[in-house]
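What follows is a single structure, written as structure tokens, with notes after it.
The values are calculated or read from the model by the stated rules, or taken from the named source; none is laboratory data. Every value quoted in this text rests on a predicted model; they were computed, and no experiment measured them. Counting neighbours? That spans all protein chains shown, and the Cβs are built from the backbone with ideal geometry, glycine included. Please note that ligands, DNA and RNA were not included when accessible areas were found on the heavy atoms of the full protein model with its side chains. Shrake-Rupley method; radii C 1.70, N 1.55, O 1.52, S 1.80 Å.
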Amino acid sequence: MRKFLLLTTLNAIAALPLALVQLIGSFLGLLAFLGSKPYRELFKPQYEAVISKYKLPNHLWAAVRASGMLFSDSLWIWRNPQKALKLAEVQNWDLVEEAINEGHGLVMLTPHLGGFEIIPRVLAQHFPATILYRPSRQTWLNEVVEEGRAYPNMHFVPTNLNGVRQMTRALTRGEAIGILPDQVPTGGEGVWVPFFGRPAYTTPLPARLASRNNTPVVMFTAKRKGLGKGWLMQATRLTPLSDDPTVAAAELNVAIENAILKAPEQFIWAYNRYKHPAGAELPPSNELVNL
């Protein structure tokens with residue numbers, strides 16, 4: 001029944017214009033912020049710490065509204081991939097083609113920012129992409145997400161050993177792989193390195209995969225252009241990451257920070273990037289953030 005209700009909701013959303021869907025998402029973002037103290041206490045300090053650090057204008061309410069749009073954008077893109085692709089303005093595509101034409105595959109990094117779900121669909125128009133994702137603990141919800149994300153030339157693999165092996169094989173074939181680099185890995189699979197000045201448990205997996213065959217690593221962003229106007233997709237090729245996993249993870253976080261600073265209001269500030277996953281060693285400061 002829950003799966004049926006969710007699919008019905010997704011189908012209803014799919015029939016609406018993007019602008020209206022984003023307005024609904026904006027309302028949901030405000031509702032979550034005002035109605036949930038834990039959500040608010042996580043969101044506001046993380047956003048304002050970065051704004052203060054870089055002396056940027058404080059657009060808290062815009063960030064709150066955009067947090068809901070990030071969710072609604074994803075749902076709309078899942079259900080309307082062809083319409084979404086027409087609304088995606090792509091810059092620096094020559095950089096992507098040069099990287100993939102080197103023949104070593106491509107490590108694609110997509111932080112949770114703006115319409116990030118459009119990025120692998122743009123790439124899948126040109127070459128196969130294997131995407132790493134973390135399955136939901138609820139089977140019915142995982143089925144809905146997998147069905148929604150399904151798209152030709154895109155292959156999703158879970159965050160486990162088998163998934164990593166499939167990504168390695170994809171790189172060997174000269175194909176692209178996609179990783180969400182701002183997601184906290186499970187205990188024992190990451191290292192503690194700074195993220196906006198605080199220790200954050202970070203995956204060194206992109207560097208490990210890239211180092212196997214000198215594979216280029218490209219950071220992608222999909223900044224929302226305006227209500228119903230689509231997204232500006234930009235690519236930045238990173239300099240080769242260090243062979244040292246801790247150094248590589250720190251370099252990766254710097255690249256994520258730079259991507260976020262392109263559109264700080266559109267990042268997923270409600271996600272606890274500084275949590276301490278079970279099984280992970282203590283962070284350097286020994287000051288744990290609540291889960």
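Roughly how many debye, to the nearest 20, is the charge dipole of the chain about its Cα centre, given +1 on each Lys and Arg Cβ, -1 on each Asp and Glu Cβ, and no other charges? The partial results should precede the final answer.
Details: 29 positive and 22 negative charges, 167 e Å.
Roughly 800 debye, rounded to the nearest 20.
Report in % the part of the accessible area of the chain that belongs to carbon and sulfur, leaving out ligands and nucleic acids; probe 1.4 Å. The partial results should precede the final answer.
Values: 7810 of 13710 Å².
Result for the chain: 57 percent of the exposed heavy-atom area is carbon or sulfur.
Hey, what does the equivalent ellipsoid look like for the stretch 195-263, semi-axes from the Cα gyration tensor as sqrt of 5 times each eigenvalue, largest first, whole Å? Can you show the working numbers first?
On the way: eigenvalues 131, 48, 13 Å².
Over the Cα atoms of the stretch 195-263, the ellipsoid semi-axes are 26, 16, 8 Å.
For the chain, state the average projected area of the convex hull of the C-alpha atoms over all orientations, rounded to one decimal in nm². Kindly include the intermediate steps, with their values, before the conclusion.
Working: hull surface 58.5 nm².
Taking the Cα atoms of the chain, their convex hull projects to 14.6 nm² on average.
Which listed residue (Gln183, Ala15, Leu132) has the Cα farthest towards the positive end of the charge dipole for the chain, taking +1 on Lys and Arg C-beta and -1 on Asp and Glu C-beta about the Cα centre?
Working it through, the farthest residue towards the positive pole turns out to be Ala15.
Using the Cα atoms of the stretch 55-128, I'd like the radius of gyration and the largest Cα-Cα distance, Dmax, both in angstrom.
For the stretch 55-128, the Cα-based Rg and Dmax read 15.0, 45 Å.
Could you point to the residue in Trp269, Pro158, Tyr39 farthest towards the positive end of the chain's charge dipole, with +1 and -1 charges on the Cβ of Lys/Arg and Asp/Glu respectively?
Looking along the dipole axis, the top candidate is Tyr39.
Excluding same-chain pairs closer than 8 in sequence, count the lysine pairs in the chain whose Cα atoms lie under 16 Å apart.
Taking the chain as the scope, the lysine pair count is 12.
Exposed loop GluC sites (Glu not before Pro) only (DSSP loop, at most 14 other Cβ atoms within 10 Å): please give the longest stretch of the chain free of them, not including the sites.
Numbers: sites that count: Glu102, Glu281, Glu287.
Counting only loop sites that pass the neighbour cut-off, the longest clear stretch is 103-280.
Taking the Cβ of Tyr47 as the centre, find all other residues whose Cβ is under 13 Å away and add up their charges (Lys, Arg: +1; Asp, Glu: -1).
Numbers: positive: Arg40, Lys44, Lys53, Arg65, Arg273; negative: Glu41, Glu48, Glu265.
Here the count lands on +2.
When the expected Rg is taken as 2.2 N^0.38 Å, what fraction or multiple of it is the alpha-carbon Rg of the stretch 6-64? Could the numbers behind the result be given before it?
Details: Rg = 14.8 Å, N = 59, 2.2 N^0.38 = 10.4 Å.
Compactness ratio reported: 1.42.
Over the stretch 178-291, give the accessible area per residue in Å² for a 1.4 Å probe, as an integer.
Details: 4820 Å² over 114 residues.
Here the residues of the stretch 178-291 average 42 Å² of exposed surface.
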